[in-house]
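Participant: Questions regarding the structure given below will be posed in turn.
The values are calculated or read from the model by the stated rules, or taken from the named source; none is laboratory data. Bear in mind that the values here come from a model prediction, so they are computed numbers and not experimental data. Glycine gets a Cβ as well: all are built from the backbone with ideal geometry, and neighbour counts include every protein chain shown. Quick note on the areas: whole protein, heavy atoms, side chains included, nothing else; ligands and nucleic acids left out. Shrake-Rupley method; radii C 1.70, N 1.55, O 1.52, S 1.80 Å.
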Amino acid sequence: MNNLTFAIIKPDAVKNGYSGLIIDRIIKNDFKILGMKFMRMTKAQAEGFYEIHKDKPFYDELTSFMSSGWCIVIALNKPDAVNEWRNLIGATNPAEASEGTIRKDFASSLGENAVHGADSDENARREVGFFFSEAQIISNH
Ligand code: IDP
Ligand code: MG
């Protein structure tokens, strides 16, 4: 178990005006924000970030969507952060997400599902490192 995870408020949620509400849930659920920035990914960055999905049929749709608008990338700290954040965001498909989860409340569709969450400690470290330099992350976690 590790304390670090990585989150993105995706372009649909930013466009729909949900960023503040999602950050409020992050804080109310006792995550510490170690780093956060507003950014617009290039298609190439989105392809690199989601390389693990490059053979999936939705890879082009996903990387086009993720580079279609502004998003917020966030490094989070909490005991068992990866599982805690995945539980808070809910299932990938909002139609299957539990009541009270972020995707249930804010996602538009399976593809445009409001937020990202790392799925393992190893991927959390890789993903934080993909978008943040060490100097940009609060290091006392
Ligand atoms: P996750 O985000 O819950 O970890 P993954 O299976 O890792 O889900 O998929 C990454 C992202 O790709 C999803 O969050 C969603 O935006 C998108 N996605 C997954 N499956 C589909 C699909 O069948 N059609 C379109 N987009 C999809
Ligand atoms: Mg995933």
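Participant: Do you know which residues across the stretch 5-32 are touching a residue at least 60 places away in the same chain (Cβ under 8 Å) and open to solvent by 20 Å² or more (accessible area, probe 1.4 Å)?
Facilitator: Those that are touching a residue at least 60 places away in the same chain (Cβ under 8 Å) and open to solvent by 20 Å² or more (accessible area, probe 1.4 Å): Asn16, Tyr18, Leu21, Arg25, Lys32.
Participant: Can you tell me which residue among Ala91, Ala95, Ala46, Ala135 is of a type in the set (A, V, I, L, M, F, W, C) and open to solvent by less than 10 Å² (accessible area, probe 1.4 Å)?
Facilitator: After applying the criteria, what remains is Ala46.
Participant: Within the stretch 26-72, track down each residue that is within 27 Å of Asn83 (Cβ to Cβ) and of a type in the set (S, T, N, Q).
Facilitator: Asn29, Gln45, Thr63 - these are the residues of the stretch 26-72 that are within 27 Å of Asn83 (Cβ to Cβ) and of a type in the set (S, T, N, Q).
Participant: Residue by residue through the stretch 26-63, note down the ones that are under 16 Å from the mean Cα position of the chain (by Cα) and part of a helix (DSSP H, G or I).
Facilitator: Passing the criteria: Ile26, Ile27, Gln45, Ala46, Glu47, Gly48, Phe49, Glu51, Ile52, His53, Leu62, Thr63.
Participant: Taking Asp80 as the residue in question, decide whether it is surrounded by fewer than 16 Cβ atoms within 10 Å (Cβ to Cβ), away from ligand 2 (no atom under 15 Å from the Cβ) and farther than 18 Å from Tyr18 by Cα.
Facilitator: In short, yes.
Participant: Please go through the stretch 101-120 and pick out each residue that is more than 13 Å from Ala75 (Cβ to Cβ) and open to solvent by less than 50 Å² (accessible area, probe 1.4 Å).
Facilitator: Of everything in the stretch 101-120, those that are more than 13 Å from Ala75 (Cβ to Cβ) and open to solvent by less than 50 Å² (accessible area, probe 1.4 Å) turn out to be Thr101, Ile102, Arg103, Phe106, Ala107, Ser109, Gly111, Asn113, Ala114, Val115, Ser120.
Participant: Look through the stretch 42-64, keep the residues that are charged (D, E, K, R) and closer than 19 Å to Ala118 by Cβ, and return whichever of them is farthest from ligand 2 (Cβ to nearest atom).
Facilitator: Checked the stretch 42-64; the qualifying residue farthest from ligand 2 (Cβ to nearest atom) is Glu47.
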